[in-house]
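S.K.: Sending over a structure as structure tokens; questions will come in a sec.
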Amino acid sequence: MIRNAGIEPHVVEYLKTPPSRALLASLIARAGITPRELLREKGTPYAELGLGDESLSDDTLLDAMMAHPALINRPLVVSPLGVRLCRPSEQVLDLIPTPQQGAFAKEDGEQVIDAAGNRVR
């Protein structure tokens, strides 16, 4: 029996090993977002590079992310259920194949799942 097809969950440190341009473009398409929606502004050279200019093409934005991986917003999560930019972080729950059992709270204490395993809206 093959389990997980040899693929174990892991964290990709994109600042050390950024995805290829083709992979990044594929992940953006699979997530159903645009390159602009994946851009991170805070703590990046976003303003200095003039990336707020709405006339910039998707290719230009991808080029900027490849040159400056810090511009790639995170976390971009890939699972058997799809690809999603998980902002806010609780969106990751929709990508977990087995539903969350029991209570779950964000790092700031905000309750996301109650003790019965139900989402708190």
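Only the coordinates and a few stated rules stand behind these numbers; no lab work does. Since the structure is predicted, the reported quantities are computational estimates derived from the model, not experimental observations.
S.K.: Using θ = phi - 60° and the Karplus form 6.51 cos²θ - 1.76 cosθ + 1.60, what ³J(HN,Hα) does each residue of region 106-114 get, whole Hz, x for Gly and Pro?
M.R.: Whole-Hz 3J(HN,Hα) from phi for region 106-114: 6, 4, 8, x, 5, 6, 10, 10, 7.
S.K.: Rounded to the nearest 500, what is the chain's calculated 222 nm mean residue ellipticity when only DSSP H runs of at least 4 contribute -39500 (n - 2.57) each, over all residues?
M.R.: Rounded to the nearest 500, it is -5500 deg cm²/dmol.
S.K.: Moving on to the next point. How far is helix 58-67 tilted, in degrees, relative to the longest principal axis of the Cα atoms in the chain, given as a value from 0 to 90 rounded to the nearest 10?
M.R.: Orientation of helix 58-67: about 80 degrees from the principal axis.
S.K.: Helix 21-31 against the longest principal axis of the chain: what's the angle in degrees, Cα atoms only, rounded to the nearest 10?
M.R.: The angle comes out near 50 degrees.
S.K.: Right, another one. Could I get the Rg over Rh figure for the chain? Both from C-alpha atoms, Rh via Kirkwood, rounded to two places.
M.R.: 1.03
S.K.: Please report the Cα spread of region 59-121 along all three principal axes, rounded to whole Å, starting with the longest.
M.R.: Per principal axis, max minus min of the Cα coordinates gives 47, 27, 15 Å.
S.K.: Pop out the Kirkwood hydrodynamic radius of region 13-78 from its pairwise C-alpha distances, inverse of mean 1/r, in Å to one decimal. Don't skip to the answer; put the middle values down first.
M.R.: Numbers: mean 1/r = 0.0841 Å⁻¹.
For region 13-78, the Kirkwood estimate is 11.9 Å.
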